[in-house]
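As structure tokens, the structure follows; a few thoughts come after it.
The values are calculated or read from the model by the stated rules, or taken from the named source; none is laboratory data. From a predicted model like this one, the values you see are computed outputs, not experimental measurements. When we count neighbours, we look across all protein chains shown, and the Cβ atoms used for this are built from the backbone with ideal geometry, even at glycine. What goes into the accessible areas is simple: the full protein's heavy atoms, side chains included, and nothing from ligands, DNA or RNA. Shrake-Rupley method; radii C 1.70, N 1.55, O 1.52, S 1.80 Å.
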Amino acid sequence: MTSKTVTLTDNATGKVIELPVHQGSHGPDCIDIRTLYKELGYFTYDPGFMSTASCSSAVTFIDGDEGTLLYRGYPIEQLAEQSTYLEVCYLLLNGDLPSSDELHNFSRIIKEHSMMHEAVRGFYDGFRHDAHPMAIMVGVVGALSAFYHDATDVHNPVHRKIAAHRLISKMPTIAAWSYKYANGQPFMYPKNRLSYTGNFLAMMFGVPTSTYEPDPIFVRALDLILILHADHEQNASTSTVRLSGSSEANPFAAISAGIASLWGPLHGGANEKVVMMLEDIVHSGKTVEEFVGRAKDKDDSFRLMGFGHRVYKNYDPRAKIIREMTHKLLAEIGGGEHDPLFEVALKLEKIALEDDYFVERKLYPNVDFYSGIILRAMGIPLNMFTVIFALARTVGWISHWNEMMQDPESRIGRPRQLYIGSKTRNYIPIEDR
Ligand code: ACO
């Protein structure tokens, strides 16, 4: 915080007010407009939060012009290369990297909470056989609030920590079971001998009749995807978790709201839509150029999925990491690089990066463009892509929720509006209308 101020003059009344300006550790300064309505009687108008900081936060920093992403100050490139998803979870939740004892203890706690109350299994049976796994996730994670409601006092830091551990721990089980349910296969229980990521793969692809050993190449690739998706400051789903949690709602219910928001194709649902789009291109018999032409046509609502980002106006740093990993993984599993879908993806990337329309608008491939391709190469079914994103992002959501709950400045979120409806009018009895 600084002593810098901004002076605002209301030209209509001549009234002058001074607003404080807050300075963060990185990023643009923020004009504190909390007294604006009281002083001048105005609201501010900012649909989509283009210029509005909704809170202060110490979790994650993004510089969209530079293409920088920091978790608790650590560059994503260093974490991707040297860390593991569970260590990143500890970092996001606690603010600092763990010692080896702390990490050992944290991993043990996460393993110990991975089973579900048996009654939770019953919720799955209520869904149609063809339910989208994201719909199941919204329902089942929300349902956890019924199991832990009395034991979760949102003002108690110990309770909040337990809720965080439960969520991170149970998410792979919930996610894998949503896949098993859709396939009519028996649910697999978590195994403590496996790593967090290996356990998820085993619960998804294992069956009781044989032993499943997760492929270490896939475990590392998936762990990296989880690291890259672990947090992304005040995006739509995180803001949803904060807003719903600001009423002191149950955290499992608030996270379920975040999952609902993530599902949208303009947010986490994009990774699924990227592969659908690439498949469309491959099977349509049309050229990549024709699809690029459609994306540029203002009369066509088609957009290139996996391109563009609200904040990154330079290359998405996560996309850079995952792009390299995609090439490596496809080479390692053999033949993947000659997959027609991947060839179309590379062509699309090249054309879009050179085309004036995309260059002028700074529309680069985002993380979802490559994560879809890599998950497909690992044999993960399309409808599980966004579920894996939700699994990874759970730690980000819960870290933000926890930060909000202990922030003395935090209040119930209650945006205002510019009302453009009818002026006051009198009710007319139905026989007179
Ligand atoms: N294809 C074609 N044109 C695009 C695309 C695209 N993918 N994205 C943006 N544009 C164009 C818009 O038409 C607009 O053009 P105009 O200035 O001539 O009107 C301009 O670029 C700016 O786009 P906005 O929609 O105003 O940008 P906004 O910041 O609101 O949207 C978003 C960002 C939603 C990510 C958008 O780029 C998009 O729809 N991308 C495709 C979906 C996607 O990949 N989502 C994943 C986001 S990353 C994540 O959630 C992990």
field: Residue-span extension gain [D101 to H338] - 0.36 nm each, minus C-alpha spacing
entry: 80.9 nm
- prompt: Where a ≥ b ≥ c are the square roots of the eigenvalues of the C-alpha gyration tensor, would you call the stretch 158-302 rounded, which needs a/c under 1.5, or, failing that, prolate if a/b is larger than b/c, or oblate?
  reply: oblate
message: Is there a quick way to get the dipole size of the stretch 376-433? I mean about its Cα centre, with the Cβ of Lys and Arg at +1 and of Asp and Glu at -1; what is the value in debye to the nearest 20?
response: 200
- prompt: Scattering from the C-alpha atoms of the stretch 343-407 alone, worked out with Debye: what is log10 I(q)/I(0) at q = 0.13, 0.28 1/Å?
  reply: -0.58, -1.11
query: Once amide H atoms are built 1.01 Å from N in the peptide plane, which residues 5 or more positions from G269, or in another chain, come under 5 Å H to H?
result: G264
Whole-angstrom gap from the stretch 44-81 to the stretch 372-393, using each part's C-alpha centre: 24
field: Accessible carbon and sulfur surface of the stretch 137-190 relative to its total accessible area, %, 1.4 Å
entry: 54
- prompt: Convex hull volume of the Cα atoms in the stretch 323-433, per residue, in Å³?
  reply: 305
- request: Treating only the Cβ atoms of Lys and Arg (+1) and Asp and Glu (-1) as charged, compute the dipole magnitude of the chain about its Cα centre; round to the nearest 20 debye.
  value: 940
statement: To the nearest 0.05, the calculated FRET efficiency linking H26 and D432 through their beta-carbon distance, R0 being 56 Å, is 0.35
query: How many lysine pairs are close in the stretch 297-377, with Cα atoms under 24 Å apart and the two 8 or more places apart or on different chains?
result: 15
Nearest-10 value in Å² for the accessible area of M405, using the 1.4 Å probe: 40
task: Could you tell me the accessible area of E343 in Å² (1.4 Å probe, neighbours in place), rounded to the nearest ten?
output: 90
task: With a/c under 1.5 counting as rounded, go ahead and sort the stretch 217-284 into rounded, prolate or oblate using the C-alpha gyration tensor (a ≥ b ≥ c being the square roots of the eigenvalues; past the cut-off, prolate if a/b is larger than b/c, else oblate).
output: oblate
message: Explain nothing, just the number: relative contact order of the stretch 1-142, from Cα pairs under 8 Å at least 6 residues apart, as a whole percent.
response: 10
- request: Mean Kyte-Doolittle of at least -1.0 plus a Cα span of 27 Å or more along the axis: flag which DSSP H helices in the chain meet both, please.
  value: 157-183, 385-405
- request: Pop a pseudo-label 7 angstrom from the Cα along the beta-carbon direction at both D46 and Y419 and give the gap in nm to one decimal.
  value: 2.3
message: Suppose we look only past 14 Å in the calculated P(r) of the stretch 52-119. What percent of the Cα-Cα pairs does that tail hold?
response: 67
field: Reachable aspartates and glutamates from K15, criterion Cα separation under 16 angstrom, eight or more residues apart if same chain
entry: E39
query: What percent of all Cα-Cα pairs in the stretch 271-313 falls in each 5 Å bin, counting up from 0?
result: 5, 21, 26, 27, 15, 4, 2
message: Connecting C-alpha atoms closer than 10 Å in a GNM of the chain, tell me which of F342, F49, F218 has the biggest fluctuation.
response: F49
message: Can you tell me, using C-alpha contacts under 8 Å and at least 6 residues apart, the relative contact order of the stretch 312-413 as a whole percent?
response: 32
query: Rounded to the nearest 0.05, what FRET efficiency is calculated for L266 and Q185 with R0 set to 45 Å and r the Cβ-Cβ distance?
result: 0.90
Pairs of Cα atoms farther than 21 Å apart, the stretch 226-351, %: 52
- line: A chain fully extended from V282 to E248 at 0.36 nm per residue, minus the present Cα-Cα distance, gains in nm 7.4 nm
task: Using only Cα atoms, locate the centre of the stretch 402-416 and the centre of the stretch 86-163, then give the distance between them in Å, rounded to an integer.
output: 22
query: What does the convex hull of the Cα atoms come to per residue for the chain, in Å³?
result: 219
statement: If the chain between V311 and I17 were fully extended at 0.36 nm per residue, the gain over the current Cα-Cα distance would be 102.8 nm
message: Once R0 is set to 41 Å, what does the formula 1/(1 + (r/R0)^6) return for the Cβ-Cβ distance between E409 and V359, expressed as a FRET efficiency to the nearest 0.05?
response: 0.50
